[in-house]
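Here is the structure we will look at, set down as C-alpha cells.
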Amino acid sequence: MKFTSALCSGGKKINFFHITTPIFYPNAKPHLGHLYTGLLSDVRGRWSKLNQVNTKFITGTDEHGLKIQNAALKAHVTPQKFVDNLCLEFKKLDSKGWIDYTRFIRTTDTDHIQNVIELWKKCFAKGFIYKGQHKGWYSISDETFYPESQVVEVLPNGKEIPLNKSEVFDQDNITNRSFINTESRNKVVYQSEINYFFKLSEFKCKLIDYIRFENPDFIKPEMRKEQILKELESSKELQDLSISRPAARLTWAIEVPNDPSQKIYVWFDALCNYITSIGSVQSLTKNEGDPINIKWWENTTHVIGKDIIKFHAIYWPAFLMAAGLPLPKQIYVHGHWLSNGVKMSKSLGNVVDPIAMIDYYGVDPVRWYILENSCLEADGDFIESQLWQTRELLVSKWGNLITRCCSPKFDLKRAVGKFSGNTDNNSSIFLELCSRYLEKDLAPTYTKLLNDLEVLPALMDNYITNFNMQQALKLLWSILNDTNTFIQTTEPWKCKDNQDKQDLIIYLAVEVSRILSILSQPVIPQLSAQFLDRIKVSPERRGLEYAALGKDDNYGVACNKKGAMPITRIPIREKHL
Ligand SMILES: Nc1ncnc2c1ncn2[C@@H]1O[C@H](COP(=O)(O)OP(=O)(O)OP(=O)(O)O)[C@@H](O)[C@H]1O
C-alpha cells in the first residue's frame, strides 16, 4: 500500500526497532530531565509500533557503585533497600507519564549480572583487560576519573586555581582541601590504588573510522558527532580506562571474575544493560549468536543526555569492539533542562517534580509541553505558565474543534456517510466537492488544508524518526489553526438550508480531528484516545493506515449530543502564583 511504504525508511520495511533510555542512578527521586529522556524514547517507540514494527523499549535503574553505596550509608539503610525504594519512584514516574516500556531493567537483576561477567570475560580473554596501579582525580558524583588538566583547586575564598604542576599529590595532602573538575564541576578526590584497566588506547583509530567514515549516522545530531570526533582526533592519546575498584572501598558492585579483591566499575556494568535488554552477550556474538537477537541489536537506538555522551560514544563502542560484538545502530543525544541556567540534577536538587505537574495539569499536556519546548541541539528552561498556556491551547484549538463537530446542530453520521466513500485517500476528489459546495474565495484555504493533510503522515514520520518532535507538533498546530479558521469563516451553523454544504464543512473538520488524533497517539496517548472515543472511531481503526482523508467510513454515530469534553480549562496552579 502506497501509504505504508511511505512511512518506511528509504522504502524498506524495518521489522525490528529497539530503543533504550540510559538506566538512571536511583540516588534520589527522578525529575523532569528523566521524564524527558523517557518521553523522547516512548514517543519514538510508540510511533514505531503504530507503524507495525516489532518494537522493544527498555528503561531502568543503574543500581551499583560508590555513589549509591554512599547515599545508602547516609540514609542508614542497606544499598539493596535503598535502591528498592528509589527504583519504585522511577517506575512511578513512568507509570504517571505513560512511558510504555517493554522491560524495566535493574542492574541488580540476575540475568544482567551474568551478562556483565560474560562481557568482562570476553574482553579479558581477548587481552583488552590488564591489572595496574592507578593514580588520579576521581569524582564520586560522576563515577569517573578526570585528567589533571581538568582539575582545579577551590580556595577557601571561592577562587579557583589550576593545580600546581610541581606538587606531588597523595591521599593525605589533599585532606581539608577542595578540588573540582572543570567538566561537570563536581568535587574530585585524589586516589591511588590497584585497578583493572581496559585498553581504550587501542581503539582511537577504530572509533574514528567507525564514526567518521563507516557509520556517519552513528551519533546524532551532527554537532554531537563532531564533538566526539574532535575529542578522538585531537593529538591526545586515549588513556586506558580504569574499570574496577578495590573491594575494600567499593562493596556494592559486581565482583570481578576470578578476583574477589576487585569490583567492576559501575559504567562497565551499566552499559551492559543494553545487551541484557535483548538477551545475552553470547546471543549477540557474530556467527555464533542468535540471528534474531543480532537483528534486534543492529536496530538499536540509544537515547541519552549530553552529560553521558563520552560513555556511550567512546567507551561503549570500544567495549563492544573489544568483545567482538556488533555495535548498536545509533545514539541520539539530547540537551538538558536547566534551572536558572544550571543543569537540573538530582545531586543539586534544583529540580522540577514532573509528578506534581502531571497530577495537576494531566499527563498529556505535560508530554506535549515538554516535547514542544525542547530540541536535541539546545538546552531548555521549564516555565510553568507556558505549560498552562499549552494546555489552554489544547482545550481551545483541539477540544473545541471536536466539541463543535459534535454539536447537536450537526449530524456527523450523515456527513461521514455522505462523503467518506467518495474520497478514498484521494484529496483531488474532495477538492472537486469543495469547489462545488463552497464559495470560490475559500479555494486557497481548503486547498492548503487538504494538501497539508495529505503530506502530514510522511512529514511526521520524518520528524519523529529523527527525534524532531518540536517540528512534528508544529505541523499539528498549523493544521489545527487552519481548520479552526476554516470553520470560523464558513460558519456551518448558518447553513441550515444547504445540508450538503454544512455536512461537507463538518466532515472536513472532523476528518482533521480524526487524522490528527490518530497521528498524535504516540505523543498524547490518553487525550488522543478520548478524542477518538468522542467521535466514535472504533479501536480497530486507529492505525496509521487510517490516517488519511476518507479512510474511515464508519464513525460519528450518535455523537451529536451533549457529552463530556475530553479536556476542559483549569486555572494555573495556585502554588505557582
Ligand atoms: N537536566 C536534565 N535534562 C535532561 N535530561 C536529564 C537531565 N538530568 C538527567 N537527565 C537524564 O538522565 C540521564 C542522567 O541520569 P542521572 O541519573 O545521572 O541524572 P542526574 O539528575 O544527572 O543525576 P545526578 O545529579 O545524581 O548525577 C541523562 O543522560 C539524561 O538522560
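So here's what we get for this one:
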quantity: Filtered residue count, the stretch 127-163, keeping only those that are surrounded by 13 or more Cβ atoms within 10 Å (Cβ to Cβ) and part of a loop (DSSP other than H, G, I, E, B); calculated: 6
quantity: So Leu431, is it part of a helix (DSSP H, G or I), under 16 Å from Thr485 (Cα atoms) and either modelled with pLDDT of 95 or more or of a type in the set (A, V, I, L, M, F, W, C) (or both); calculated: no
quantity: Residue list for the stretch 303-324, filter: away from the ligand (no atom under 12 Å from the Cβ), more than 20 Å from Lys230 (Cα to Cα) and crowded, with 20+ Cβ neighbours inside 10 Å; calculated: Phe319, Leu320, Ala322, Ala323
quantity: The stretch 262-317, residues that are among the basic types (Lys, Arg) and assigned to a helix (DSSP H, G or I); calculated: Lys295, Lys306, Lys310
quantity: Filtered residue count, the stretch 342-375, keeping only those that are in a helix (DSSP H, G or I) and exposed (fewer than 15 other Cβ atoms within 10 Å of the Cβ); calculated: 2
quantity: Residue in the stretch 325-367 that is farthest from the chain's Cα centre (by Cα), counting only those that are of a type in the set (Ser, Thr, Tyr) and within 16 Å of the ligand (Cβ to nearest atom); calculated: Ser347
quantity: Residue under evaluation Ala378, criteria (1) within 13 Å of the ligand (Cβ to nearest atom); (2) more than 21 Å from Gln526 (Cβ to Cβ); (3) in a helix (DSSP H, G or I), criterion not met; calculated: (3)
quantity: Yes/no for Ser166 being in contact with a Lys or Arg (Cβ under 8 Å, 6 or more places away or on another chain) and either assigned to a loop (DSSP other than H, G, I, E, B) or loosely packed, with under 11 Cβ neighbours inside 10 Å (or both); calculated: no
quantity: Filter result (surrounded by 24 or more Cβ atoms within 10 Å (Cβ to Cβ) and near the ligand (Cβ under 8 Å from one of its atoms)) within the stretch 32-45; calculated: Gly33, His34, Tyr36
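Yes/no matrix, rows are residues, columns are (1) away from the ligand (no atom under 16 Å from the Cβ); (2) hydrophobic (A, V, I, L, M, F, W, C); (3) at pLDDT below 90; (4) in a loop (DSSP other than H, G, I, E, B):
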site: Ser5; (1), (2), (3), (4): yes, no, yes, no
site: Gly10; (1), (2), (3), (4): yes, no, yes, no
site: Trp47; (1), (2), (3), (4): yes, yes, no, no
site: Gln52; (1), (2), (3), (4): yes, no, no, yes
site: Lys56; (1), (2), (3), (4): yes, no, no, no
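The values are calculated or read from the model by the stated rules, or taken from the named source; none is laboratory data. This is a predicted model, so every value here is computed, not measured. As a convention, Cβ positions derive from the backbone with ideal geometry for all residues, glycine included, and neighbour counts pool all protein chains shown.
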